[in-house]
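The values are calculated or read from the model by the stated rules, or taken from the named source; none is laboratory data. Here the structure is a predicted model, which means the values were calculated and not measured. Neighbour counts are summed over all protein chains in view; Cβ atoms, including those assigned to glycine, are modelled from backbone coordinates with ideal geometry. Accessible surface is based on the protein model in full, side chains and every heavy atom, while ligands, DNA and RNA are left aside. Shrake-Rupley method; radii C 1.70, N 1.55, O 1.52, S 1.80 Å.
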Amino acid sequence: MNGGDEVVAAPAGPPQPLEWKFSQVFGERTAGEEVQEVDIISAIEFDKSGDYLATGDRGGRVVLFERTDSKDHGDSRRDLERMDYPITRHPEFRYKTEFQSHEPEFDYLKSLEIEEKINKIRWCQTANSALFLLSTNDKTIKFWKVQEKKVKKVSDYNLDPSKAVGNGSIASSSNSSCTKPCLANGGSLDRLNSNLGLELSLPPGGIPSLRLPVVTSQETSLVARCRRVYAHAHDYHINSISNNSDGETFISADDLRINLWNLEISNQSFNIVDVKPANMEDLTEVITSAEFHPTHCNMLAYSSSKGSIRLIDLRQSALCDSHAKLFEEQEAPGSRSFFTEIIASISDIKFGKDGRHILSRDYMTLKLWDINMDSGPVETFQVHEYLRPKLCDLYENDSIFDKFECCLSGDGLRVATGSYSNLFRVFGCSQGSTEAMTLEASKNPMRRQVQTPSRPARSLSSSITRVVRRGAESPGVDANGNSFDFTTKLLHLAWHPSENSIACAAANSLYMYYA
């Protein structure tokens, strides 16, 4: 109390942990149903507005979903209040359309099969109610335009079908008894030979009326058209594409190079990062992910298989051989093992919406970096520490090379990533937050959730109980009751840009949750 009439507010603490609820599932499997390889989802992306969601699969298809709750009930608060409709309604989506983005190809020069699998999808700016997006497989990037087209049909003809000849010319009294050879469309061959003379013969009394064919729009259909193809620019597999905030350019990255493209020009790109050594035997690291800064069109970050992140400024030079900043964590002395470099490899990086923070995912942890502090991460979250004793098994079955994605909430207060047994983790990253949740991609996401310890730096997997998964072998269980089923992994997920809503892929199923 200050002066008897003012109350000094206490400093706000960290936000309360969210309670996640199931919203929707698309492509849910029935008991015992086999999953086709081509149906497994390989990419998920919300657009900037959050009104559209795109998924790509291993069969080269892109599926679009459209938000329905905001469209059906008005976008403004006033509209919702007038309709006495709850404002806190969670996002709901419906299937919009799908199209075949990529087909399997064969590189005859290198005797190499090119899979149709969609590696990444990125939304571009909308224009004239049309949707634009980029999709890529291992070698080729495509720019798609998806737009509603009205299907027009001719509903009324100016002819009597019984008197139609050829393609619809009327057989009038002047030529119905014509014995001269006629063309398929009813024209006279003599007239054609006489240089298309305009000799006409009208019926007695003339034509009483002329009715033109009437064209009506019966229905609308969504049409996806490939506007441009950006090909033949990568010798290695493309792992990332990212739009620039200028709305005109984007980057594509493979293991050794990052190229800069203009959306309007498909036959030319500029190589801006090249880590390929003169002698390939000297190669020590590869590029694993790359992303543009959300607001500064001259800055981008890329990660490496050695666990480092480099921030580069395109204004420094045409070929960005040197980095503006390097973010890496020094390994603790005496902690090095055979697996150290493998599990240090970063599989995904994402900028926060504010552009101040970068989230990175390596095999065991999530790390949050402040671009103004390159001495180390500001937060480290243990995703599945209980798997550390199992690294030998993970190496034997190649699971240790799985590439998990990560995402940040629109407000920057939380981060999320996937794990095995179709689990995903959500951590609070605001100061003082102890939020750390283990959720399952099912209709009951909280069924494995119990009260978790106070800091995400510890293993939080003790809350995971053994569950026999439908359509798969029983997952292994260690001495502490932690389950792990390496055959079911949740690699891909995305956070809605403005609401606490997460979309994640479990094999061929798309699950959506809200809080």
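If you go through region 398-409 one residue at a time, do you hit one that is in contact (Cβ under 8 Å) with a residue 40 or more places away in the chain, under 13 Å from Gly307 (Cβ atoms) and surrounded by 16 or more Cβ atoms within 10 Å (Cβ to Cβ)?
Within region 398-409, not a single residue is in contact (Cβ under 8 Å) with a residue 40 or more places away in the chain, under 13 Å from Gly307 (Cβ atoms) and surrounded by 16 or more Cβ atoms within 10 Å (Cβ to Cβ).
Starting from residues that are within 21 Å of the chain's Cα centre (by Cα) and charged (D, E, K, R), keep the ones in region 356-380 and report whichever is least open to solvent (accessible area, probe 1.4 Å).
Here the answer is Arg361.
Answer yes or no: is there a residue in region 266-282 that is on the phi > 0 side of the Ramachandran plot and either touching a strand residue (DSSP E or B) at 6+ places or on another chain (Cβ under 8 Å) or open to solvent by 50 Å² or more (accessible area, probe 1.4 Å) (or both).
There is no residue in region 266-282 that is on the phi > 0 side of the Ramachandran plot and either touching a strand residue (DSSP E or B) at 6+ places or on another chain (Cβ under 8 Å) or open to solvent by 50 Å² or more (accessible area, probe 1.4 Å) (or both).
Residue by residue through region 344-355, note down the ones that are open to solvent by less than 10 Å² (accessible area, probe 1.4 Å) and out of contact with any Asp or Glu (no Cβ under 8 Å at 6 or more places or on another chain).
Hits for region 344-355 are Gly352, Gly355.
Inside region 357-392, can you point out the residues that are of a type in the set (D, E, K, R) and free of Cβ contacts under 8 Å to residues at least 40 places away in the same chain?
Of everything in region 357-392, those that are of a type in the set (D, E, K, R) and free of Cβ contacts under 8 Å to residues at least 40 places away in the same chain turn out to be Lys367, Asp370, Arg388.
Hey, among the residues in region 105-131 that are among the β-branched types (Val, Ile, Thr) and more than 17 Å from Ala231 (Cβ to Cβ), which one's surrounded by the fewest Cβ atoms within 10 Å (Cβ to Cβ)?
Thr126
Would you be able to say whether some residue in region 107-123 is out of contact with any strand residue (DSSP E or B) (no Cβ under 7 Å at 6 or more places or on another chain), at pLDDT 85 or above and farther than 29 Å from Phe250 by Cα?
So far as region 107-123 goes, yes, one or more of its residues are out of contact with any strand residue (DSSP E or B) (no Cβ under 7 Å at 6 or more places or on another chain), at pLDDT 85 or above and farther than 29 Å from Phe250 by Cα.
Only residues in region 221-234 that are over 17 Å from Val62 (Cα atoms) count as the first member; pair them with residues that are part of a strand (DSSP E or B) and of a type in the set (Ser, Thr, Tyr), Cβ under 6 angstrom, at least 6 apart or cross-chain, and list the lot.
Close Cβ pairs satisfying both conditions: Tyr230/Ser266; Ala233/Ser269.
Regarding region 258-281, can at least one residue be identified that is outside any strand (DSSP E or B) and under 20 Å from the mean Cα position of the chain (by Cα)?
Looking for residues that are outside any strand (DSSP E or B) and under 20 Å from the mean Cα position of the chain (by Cα), one finds at least one in region 258-281, hence yes.
Somewhere in region 390-397, is a residue open to solvent by less than 20 Å² (accessible area, probe 1.4 Å) and touching a His at 6+ places or on another chain (Cβ under 6 Å)?
Looking for residues that are open to solvent by less than 20 Å² (accessible area, probe 1.4 Å) and touching a His at 6+ places or on another chain (Cβ under 6 Å), one finds none in region 390-397, hence no.
Here are Leu314, Leu263: which of them is at pLDDT below 95 and buried (at least 18 other Cβ atoms within 10 Å of the Cβ)?
Going through Leu314, Leu263 in turn, just one is at pLDDT below 95 and buried (at least 18 other Cβ atoms within 10 Å of the Cβ): Leu314.
Can Val35 be described as at pLDDT below 95 and among the hydrophobic types (A, V, I, L, M, F, W, C)?
yes
Out of the residues in region 241-256 that are farther than 16 Å from Asn298 by Cβ and surrounded by fewer than 20 Cβ atoms within 10 Å (Cβ to Cβ), state the one that is nearest to the chain's Cα centre (by Cα).
My answer is Asp255.
Exactly one of these conditions fails for Ser433: (1) small (Gly, Ala, Ser); (2) more than 27 Å from Phe401 (Cβ to Cβ); (3) at pLDDT below 90; (4) open to solvent by 20 Å² or more (accessible area, probe 1.4 Å). Give me its number.
Among (1) small (Gly, Ala, Ser); (2) more than 27 Å from Phe401 (Cβ to Cβ); (3) at pLDDT below 90; (4) open to solvent by 20 Å² or more (accessible area, probe 1.4 Å), Ser433 violates only (4).
Scan region 45-63 for residues that are buried (at least 23 other Cβ atoms within 10 Å of the Cβ) and not charged (D, E, K, R) and report the count.
6
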